[in-house]
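Asks: Pasting in a structure now, in structure tokens, and then I'll have a few things to ask.
The values are calculated or read from the model by the stated rules, or taken from the named source; none is laboratory data. The structure presented is a predicted model; accordingly, all values stated were derived computationally and were not measured. Every residue, glycine among them, receives a Cβ derived from its backbone with ideal geometry; neighbour counts consider all protein chains shown.
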Amino acid sequence: MPAAKNILNAFTVDVEDYFQVSAFEPYVRRSEWNDYPSRVVANTHRLLNLLASREVHGTFFVLGWVANRFPQLVRDIQRQGHEIASHGYWHRLIYGQTPDEFRQDIRRSREVLEQITGEPIVAYRAPSFSITNRSLWALDILVEEGFSVDSSVFPVRHDRYGIPNASREIRQIDTTAGALVEFPPSVLRVAGMNVPIGGGYFRLYPWQLTNHCLRGINRRARVPFMFYTHPWEIDPAQPRIACGSRARFRHYLNLDRTESRLIRILDEYRFSTVSAVMRANLAHPALTPAELP
């Protein structure tokens, strides 16, 4: 029986190649990216075909480097009715950059995407959700650079990202530069802890746990959830990167199960773009960055 079909949820994709993930940063230099066989075009088209078969539109946070190298891929995503957003240009963790470096990165990404699409790019997601307590300054820069929506503050505890006690709701944040809407990746509050959903967690958890969490958000909290995935997560045949055990576990776990699970989630829940979900649900008071936790 389809769950909570009256609630519209956000389906999002971080468009990056398998060798560009943060877990591989110690093992793959950016200067070598061109040397790796790219699979992002084929994998993204595979996702697009899956979404088209279910008549689902979503938001694609496209890495600027990918857009610059494969502009037709961005046009294909746009042509099929999906929303285009920015994932930065070089997939660098924000707290590893200076404010000026971050500004140049998002500016370059936005310029590339707007040149390809001919439309304003107003939504952003940080690589590895790296807007944390160390990098809240990034919210001000996002507004200064013309962004009005962010999906980077993950209310979980993790060694690379997260603000564990941040709000789980869609809400407006008042920065020194103006207003910004934050739509965080979703978690379910269980026994005083935030249980994250999507991405690697979607591959790690058994389907029953994922479905329980998503039903809990829709039915118990009566709010939409934000789901995210990557094109490389439906590609179990991707080349293997020589890396440490932690990176290997996080990246390669259950790649062969992702596509079948995506089919189940698309059949069980209603999805649309970030913009569509926000229009239907944004009715929350403004916060300042200092009040985020």
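Asks: Working only within the range 203-221, note down all residues that are out of contact with any strand residue (DSSP E or B) (no Cβ under 6 Å at 6 or more places or on another chain), without any contact (Cβ under 8 Å) to a residue 60 or more places away in the chain and under 18 Å from PHE271 (Cβ atoms). Steps first, answer last, please.
Replies: Start the filter on the range 203-221 by keeping residues that are out of contact with any strand residue (DSSP E or B) (no Cβ under 6 Å at 6 or more places or on another chain), which leaves 203-212, 214-215, 218-221.
So of that shortlist, the ones also without any contact (Cβ under 8 Å) to a residue 60 or more places away in the chain come out as 203-210, 212, 220-221.
Once the filter is applied, which keeps residues that are out of contact with any strand residue (DSSP E or B) (no Cβ under 6 Å at 6 or more places or on another chain), without any contact (Cβ under 8 Å) to a residue 60 or more places away in the chain and under 18 Å from PHE271 (Cβ atoms), the range 203-221 yields TRP207, THR210, ALA221.
Asks: Now a separate question. Small (Gly, Ala, Ser) and without any contact (Cβ under 8 Å) to a residue 40 or more places away in the chain - does that describe any residue in the range 13-34? Break it down stepwise before answering.
Replies: The first filter runs over the range 13-34 and keeps only residues small (Gly, Ala, Ser), leaving 22-23, 31.
Those left that are additionally without any contact (Cβ under 8 Å) to a residue 40 or more places away in the chain: 31.
Yes; the residues of the range 13-34 include at least one that is small (Gly, Ala, Ser) and without any contact (Cβ under 8 Å) to a residue 40 or more places away in the chain.
Asks: Identify the residue in the range 11-32 that is under 14 Å from GLY199 (Cβ atoms) and hydrophobic (A, V, I, L, M, F, W, C) and, among all such residues, is modelled with the lowest pLDDT.
Replies: Of everything passing the filter in the range 11-32, ALA23 is modelled with the lowest pLDDT.
Asks: Scan the range 46-70 for residues that are under 25 Å from GLU25 (Cβ atoms), of a type outside the set (D, E, K, R) and part of a helix (DSSP H, G or I) and jot them down.
Replies: Selection gives LEU47, GLY64, TRP65, VAL66, ALA67, ASN68.
Asks: Can you report the number of residues in the range 71-91 which are out of contact with any strand residue (DSSP E or B) (no Cβ under 9 Å at 6 or more places or on another chain), part of a helix (DSSP H, G or I) and not basic (Lys, Arg)?
Replies: 3
Asks: Additional query: Residues that are within 21 Å of SER260 (Cβ to Cβ) and either over 15 Å from the mean Cα position of the chain (by Cα) or of a type in the set (Phe, Trp, Tyr) (or both): which helices (runs of 4 or more DSSP H) entirely in the range 128-241 hold 1 or more of them? Walk me through it before giving the result.
Replies: On the way: elements: 137-144, 200-204, 207-215.
Correct list: 200-204, 207-215.
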